[in-house]
Every structure is written in C-alpha cells, then in structure tokens.
Amino acid sequence: MTLKLSYILPFFLIVNTLGASCVQFDSIKTYRVKPSKKVEGTLQRLEKFPSNFITARNVDIWLPENFDNTKKYSVLYMHDGQMLFDSDKTWNGQEWGVDEHLSALLIDSKIKETIVVGIWNVYSERNANYFPQKVFKLLNKENKAALQSMATKKKQVTFVNSDDYLKFIVTELKPYIDTHYPTKTTAKDNAIMGSSRGGLIALYALCEYPEVFGAAACLSTHWIGTYSNTESNEIPYIIFDYLMDNLPSPKNHKIYFDYGTKKLDAIYLPYQNLVSTVLEYKSFDDESMMNLKFEGHEHSEKFWNQRLAKPLTFLLKKTHE
C-alpha cells in the first residue's frame, strides 16, 4: 500500500471542550517528510504539540486505507508513539507494526474502524510521565528513592507528573483529535494502550478517566517500577492496592494484560497472577479482561509486534450498536 505522510496545517483555534485548558495551537510546526514504504495507510504528524501541563511532543495520527471523512471512527491512543509504525526511524530498528496489524484486521472485518493517536515520549521525562502519580505518593522513602535513583542513572528527571500527562491527553489532545477528525467520542469507542511503563500509564488512565476510556491494553507491564525485584520493593503491591480502590466497572470497561517469559518479562509472572486475582475480585470476567502469557517472548517491540493482534482484537472487537 502507498503511504501518504502529511502534516496538519497550523490553525488558530483555542480548544475549550470537555474542560480543555486554553492552549494556542498556532505554534505547531509543519513540514513534509519523505514517505517510507514500510507504513500502510496514512500517517499525519503534529509536531511539538503544545501543552500547559507537560513538555511539547510530536503526535502521530494513523488513518486506515480508504479513510472516509463522512464516517465516524473509534480511537486508540498509544504511548511511545515514535515506536509504532516505521522501524527505519526507531532507535533500535524495531516497531510495533500497528499499521500492518490494524490494516489486516480491518480487511478481515474483525475490528471496528479505528484511527490511532501515537503520542511520542520525551525520553528524559518518560518515567515521570508514565509512572502512576497517586501510586508514587503512597510509596515509602526507600522505594521513592529507588525510582529516583533509576531515573538519574538513565539521565531522566526524578519527579513524577503522570497526572499532568493524563490531563494533557484528556483536556488538550483528545479535544483536538475530536475536533479535527471524524471520531466517536464516547468511552466505549476510545481505548488506550502501552507497553512496559507505558502499560502502567495506560492502566492508570483507565482508572483515572473511566468516563473517557472504555478499554486499556497493558503489554509487558513493568509492575516492579525499577529494575530491582527484591523483597523490599513494595511498588507492585501499592499498585494493586490502588487498583482495588480505583478499577472502573467491568460492566462497561475492558482490560488486556500480557507478558513474555524471557529476560525482563520473566520477572512479571507472580504479578500477572496477582493482577488476575485483583480483577476477578472486582468482578472482571472473560468478557472484560484478558491476561495472556507468551512463551519465549522478550521485552521489546519485536515481540509486542508478534502478538499485537490479540490486544487489538480484544479492545476493538465489533459490537452490535
């Protein structure tokens, strides 16, 4: 398929819907990038999308082949947006293959017609944006220090501002998307997805904004927060305590989890079992939750790509209106 890569023209509209903050979007830079044959469908980019809450960042919007402005589309918001579509332009030469998987599922009529909003990370603030802020506040000094030490070693900021990151998505980015694209705006047609720490923030978004998102997919969720899985690491258990108090209703929300068995993912097994216990206690069942193990899979885009059809189908499955 032919890639159409374009950039949204600047405009001078102040978004003020859904409680949106007053952000001027006329500062968005526009330019056209040489198309890559690796991407299916249409990819558009908003460069350095401004925010009153977090550092400006690029946002990619993927539109399926034969996109029709007269139709209404479901929306999938995804974190680590620069890793989703084109392995020629990622830091490790890997990608999720979101465009290929969605294109195939749409051709087979297995999912709702959907567009993707890929929110790029800002590396120095990735942990700050993605670690659940209300969980961080509940940690003891030792575990807070461990998270901050890890951030310092990775040359990242040591504060946590994921509440502001979610405000950016919900009150600034989403109103823009809903204004400029033909979207279905209800929670049942808006999902959110991420991997590793991106899985944590996807889950946090569903809990904090259940009226906005109806589903979340969390691949290789980084339950341990740091890279130390010692007895003194209470982070996973504080996360589960938070979930007990904040999970949305299973009647109209869905959650997908998965994990591999190699390298970093091998650490996650006991926590994946615990999260299943928590969700089952909160009345989630086979219709509203999925938790899959993938033998031999590691913690990277290569392996998330291999299994991506599973969460996409679970989150975006066609339903009778």
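The values are calculated or read from the model by the stated rules, or taken from the named source; none is laboratory data. Remember, predicted model here, so these are calculated numbers, not experimental data. Don't worry about glycine lacking a Cβ; one is built from the backbone with ideal geometry, like all the others, and counts go over all protein chains shown.
Among residues of the stretch 83-94 that are assigned to a helix (DSSP H, G or I) and modelled with pLDDT under 95, none has a beta-carbon under 6 Å from a residue that is surrounded by 14 or more Cβ atoms within 10 Å (Cβ to Cβ) and aliphatic (A, V, I, L, M) at least six positions away or on a different chain.
Checking the structure you have, find out if any residue of the stretch 229-236 is in contact with a Gly (Cβ under 6 Å, 6 or more places away or on another chain) and farther than 16 Å from Asn190 by Cβ. Spell out how you get there, then give the answer.
In the first step, residues of the stretch 229-236 are kept if they are in contact with a Gly (Cβ under 6 Å, 6 or more places away or on another chain); the result is 235.
After this cut, where a residue has to be farther than 16 Å from Asn190 by Cβ as well, the list is 235.
Yes: the stretch 229-236 contains one or more residues that are in contact with a Gly (Cβ under 6 Å, 6 or more places away or on another chain) and farther than 16 Å from Asn190 by Cβ.
Selection over the stretch 168-217 of residues that are over 14 Å from the mean Cα position of the chain (by Cα) and among the aromatic types (Phe, Trp, Tyr) gives a count of 2.
In the stretch 46-82, what residues are assigned to a strand (DSSP E or B), under 19 Å from Lys184 (Cβ atoms) and among the aromatic types (Phe, Trp, Tyr)? Within the stretch 46-82, Trp62, Tyr73, Tyr77 qualify.
When Tyr77 is tested against (1) within 14 Å of Trp304 (Cβ to Cβ); (2) buried (at least 24 other Cβ atoms within 10 Å of the Cβ), exactly one condition is not met: (1). Annotation: of all residues in the stretch 283-321 being more than 19 Å from the chain's Cα centre (by Cα) and surrounded by 18 or more Cβ atoms within 10 Å (Cβ to Cβ), the one that is nearest to Phe240 (Cα to Cα) is Phe284. Going through (1) surrounded by fewer than 21 Cβ atoms within 10 Å (Cβ to Cβ); (2) within 26 Å of Ser74 (Cβ to Cβ); (3) among the acidic types (Asp, Glu) one by one, Glu142 falls short only on (2). Checked against the criterion of being surrounded by 21 or more Cβ atoms within 10 Å (Cβ to Cβ) and within 27 Å of Lys167 (Cβ to Cβ), the stretch 93-105 has at least one qualifying residue. The single condition among (1) among the hydroxyl-bearing types (Ser, Thr, Tyr); (2) out of contact with any Asp or Glu (no Cβ under 8 Å at 6 or more places or on another chain); (3) surrounded by fewer than 20 Cβ atoms within 10 Å (Cβ to Cβ) that Thr185 does not satisfy is (2). Scanning the stretch 119-137 for residues that are in contact with a strand residue (DSSP E or B) (Cβ under 8 Å, 6 or more places away or on another chain) and buried (at least 19 other Cβ atoms within 10 Å of the Cβ) yields Ile119, Trp120, Asn121, Tyr130.
Please indicate, with yes or no, whether at least one residue in the stretch 154-177 is surrounded by fewer than 17 Cβ atoms within 10 Å (Cβ to Cβ), assigned to a helix (DSSP H, G or I) and of a type in the set (Ser, Thr, Tyr). No, the conditions are met nowhere in the stretch 154-177.
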